[in-house]
2 protein chains.
Amino acid sequence: MLYRDAGVDITAMDAVKRRIAGIARSTFSPGVISEVGLFGSLCRVPKLRDPVLVASCDGVGTKLVIARLCGRYDTVGIDIVNHSVNDILTLGARPLFFLDYIAHSKLKPESLLAIVQGLGKACRDNGCSLVGGETAMMPDIYRPHDFDLAGFIVGTVERNKVIDATRISPGDAVIGIPSSGLHTNGYSLARRVLFDKAGLKVSSRIKGLTRSLGEELLRPHRSYLKPVYSLLSRIHALAHITGGGFYGNIARLLPHEVSVIVKKSGWRPSPIFGVIQRLGNVPDEEMYRTFNMGMGMVLFVAPKQTDRILGSIPGSRVIGKVVRGTFGVSVV
Amino acid sequence: MLYRDAGVDITAMDAVKRRIAGIARSTFSPGVISEVGLFGSLCRVPKLRDPVLVASCDGVGTKLVIARLCGRYDTVGIDIVNHSVNDILTLGARPLFFLDYIAHSKLKPESLLAIVQGLGKACRDNGCSLVGGETAMMPDIYRPHDFDLAGFIVGTVERNKVIDATRISPGDAVIGIPSSGLHTNGYSLARRVLFDKAGLKVSSRIKGLTRSLGEELLRPHRSYLKPVYSLLSRIHALAHITGGGFYGNIARLLPHEVSVIVKKSGWRPSPIFGVIQRLGNVPDEEMYRTFNMGMGMVLFVAPKQTDRILGSIPGSRVIGKVVRGTFGVSVV
């Protein structure tokens, strides 16, 4: 009996891994001093007076099911990189490097490559080096059509520039920056409503959406690094609106006796959210607790900086305010 | 319709996450300057003249199936941490922090906690801070009994102390350090042979094994950090014997025109490997290409350092030599 007979063909995977290595190299910054293929990846620490590393780990979640239904694998790589970049951006960090974990059973080599091409593209766009990763073929855990994709990012920030959310103060404006659809959260609910309950397909065309349902749901998570990074010194704090929506992601930042009122009238959620809410008869509060509702990043900004921020970030607008109080987050 | 109806109960998971946060905090070094629950984890860079970060990502693989069959979840957390610690040790790094990714469908809260308790124990043992992670509940991707566990590690090393395998030279001794069983590789083959072909169960008792088959297969991957770290300056290079066995893990280190002869007669593989080989009728070469055969870490050492290394590391022994040649790795 050979290892190959157990469903794992190391030689076939090696060919794919060589092409993946080429994509990874195309993302390397000068700080990456290792070759691909060692037991670990080497990266110098950027010159800072007191460098702080900011690390985060996340998965794409069941948006992967949409990718499989559409037979399109390049966007989920972009999703996980941009999601991760946004997470560490909320602490003031710029990305340094990224590693991916792909687990699957029988993904075609071209699908695997497409995933990594998406990772590579997003890493280059964010100035982040794709220094490593793991591709695990596990036919006994994943069904033939299933796979999982997770990512791990490390960024850096000067210690005295770490974003400290205790600076959020009553009177601050709450500014939203538009999302590009659902981003990477709420897909379990969205799929139940759209596919199981309403009987739609990824190819369905729905009034009010400019794309097919599958294309709309696969729109890549956008990165907020470029519009926001140069403005960080003018921002008290940032909330990345991911799983948990407005409630979960804003509440965890708030200092003692400081609360936030988000005004739904402050913006018009993108049409896909209206489609999900209508077809699923989802209560308003549940929508704002699950989805980004069209605003993927929320900034907390002192009144005197508000105009500057609004003028610098396309599409940004005031969606609420910070007040005294202990109620946490209220969406009205 | 609520998010909970879609199979994801955020509130129930929050309770588990609070206990996980407590375990994580118990591993924090003074360099960790963030609280649990932000969008990213903050860790200062240890004071080094020219710090290099060493990063690695890996999964536990189908050893997870054994954990499920045994209903025992604490050891796989130890596996992934120690596996990762060993990987970056081969480049001279000591661990700084670790993040985990757990994906599942219906793991019981106590099973999730057991996994994290294993992660926490191994992190404390290795002086590594468990600074974050992601627990994703995805009933549409994972079957009720399945789960996946991956890990990401970052360590640091002074730039001029990065282990550079080009120092491997003809005449060097090849020294093996004992493993604690299969570690984290070769489980697809082992399970096919032991369970599917030979019809054994995890509760089976086999002549020559001191534990039940399940206990033997679940033995945690050992960490080589403590026995090896203080000796790194005396070692030319290290190969962590993981997937790919002796061939894959040694060959990738070898400089041009340098080859390695591993002598099987140099040690006696632990009994579990004999059981797998016999029951599966697995060719010798395939065994050494898939398993660690009882030697989980291999060191390349100049002749004059050999006695010092052998005297300092319990159980270590010479298992081969470095020679001129282009054949790569030969196991004879």
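The values are calculated or read from the model by the stated rules, or taken from the named source; none is laboratory data. Note that the structure is a prediction, hence the values are computed from the model and not measured. Here the Cβ is made from the backbone with ideal geometry for all residues, glycine too, and neighbour counts use every protein chain on show.
A few points about this structure:
- Matching option when the condition is closer than 25 Å to B:GLY132 by Cβ, in contact (Cβ under 8 Å) with a residue 40 or more places away in the chain and in the same structural domain as A:TYR73 (by TED's automatic domain parsing), among A:ASP140, A:ASP148: A:ASP148
- Selection count, segment A:31-58, where residues are within 7 Å of chain B (Cβ to nearest Cβ), part of a loop (DSSP other than H, G, I, E, B) and among the small types (Gly, Ala, Ser): 2
- Taking (1) part of a loop (DSSP other than H, G, I, E, B); (2) at pLDDT 95 or above in turn, B:GLY243 satisfies each apart from (2).
- Test result for B:LEU107, surrounded by fewer than 24 Cβ atoms within 10 Å (Cβ to Cβ) and under 29 Å from A:SER105 (Cβ atoms): yes
- Strands (runs of 3 or more DSSP E) wholly inside segment B:128-228 that include at least 3 residues being crowded, with 16+ Cβ neighbours inside 10 Å, within 14 Å of chain A (Cβ to nearest Cβ) and not β-branched (Val, Ile, Thr): B:129-137, B:147-158
- None of A:LYS106, A:LYS121 is at negative phi, at pLDDT below 95 and not assigned by TED's automatic domain parsing to the domain that holds A:PRO227 except A:LYS106.
- If only residues of segment A:243-264 that are in contact with a Ser or Thr (Cβ under 7 Å, 6 or more places away or on another chain) and within 11 Å of chain B (Cβ to nearest Cβ) are counted, the one that is surrounded by the fewest Cβ atoms within 10 Å (Cβ to Cβ) is A:ASN249.
- Options B:ARG289, B:ARG268: the member that is out of contact with any His (no Cβ under 6 Å at 6 or more places or on another chain), without any contact (Cβ under 8 Å) to a residue 40 or more places away in the chain and basic (Lys, Arg): B:ARG268
- So B:ALA55, is it touching a residue at least 12 places away in the same chain (Cβ under 8 Å) and within 27 Å of A:GLY31 (Cα to Cα): yes
- Qualifying position, being under 16 Å from A:VAL331 (Cα atoms), of a type outside the set (S, T, N, Q) and within 22 Å of the chain's Cα centre (by Cα), among A:GLY266, A:GLY294, A:GLY243, A:GLY274: A:GLY294
- Any hit, segment B:86-107, residues being closer than 29 Å to B:VAL298 by Cβ, within 13 Å of chain A (Cβ to nearest Cβ), in a helix (DSSP H, G or I) and hydrophobic (A, V, I, L, M, F, W, C): yes
- Of the listed requirements (1) buried (at least 24 other Cβ atoms within 10 Å of the Cβ); (2) under 13 Å from the mean Cα position of the chain (by Cα); (3) more than 7 Å from chain B (Cβ to nearest Cβ), A:THR75 misses just one: (1).
- Of the residues in segment A:282-299, at least one is among the hydroxyl-bearing types (Ser, Thr, Tyr) and in a helix (DSSP H, G or I).
- B:ASN82 meets each of the listed conditions (1) part of a loop (DSSP other than H, G, I, E, B); (2) farther than 20 Å from A:GLY151 by Cβ apart from (1).
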